[in-house]
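Following: one structure in structure tokens, then a few remarks.
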Amino acid sequence: MVTVIWAPPEMPDERHIVVRVHRDGVPGTSEKGYFHISDKEDRRGSGPFDILLNEVIERAKEQAIDRGLSQVVVVQRD
């Protein structure tokens, strides 16, 4: 089972999936995001990897299961 953690005060120590969220559109009408593995480079979700929030969370959960990870952490993009 994968746990989704929203905006934790500190990131977990164990390896996890990070979902980075931001508002898109004018004037910021939809929430979009992308994900990456916590110990890999953050490529900032360019192009087709920047998708609607509900879909990105589901894909991140699938990746967590595939990689044997137990946490998906959702945070605001810098």
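The values are calculated or read from the model by the stated rules, or taken from the named source; none is laboratory data. This structure is a prediction, so every number in the text was calculated from the model and none was measured. FYI the Cβ positions are ideal-geometry reconstructions off the backbone, even for glycines, and counts take in every protein chain you see.
A few remarks follow.
- Contacts under 8 angstrom Cβ, first residue in the stretch 58-70 being under 14 Å from D39 (Cβ atoms) and touching a residue at least 24 places away in the same chain (Cβ under 8 Å), partner polar (S, T, N, Q) and buried (at least 18 other Cβ atoms within 10 Å of the Cβ), 6 or more apart: A64/Q71
- Every residue from the stretch 63-78 that is assigned to a strand (DSSP E or B), among the hydrophobic types (A, V, I, L, M, F, W, C) and either more than 16 Å from L53 (Cβ to Cβ) or in contact with a Lys or Arg (Cβ under 9 Å, 6 or more places away or on another chain) (or both): V72, V74, V75
- Residue, farthest from I65 (Cα to Cα), within the stretch 9-33, restricted to residues that are outside any loop (DSSP other than H, G, I, E, B) and at pLDDT 90 or above: V21
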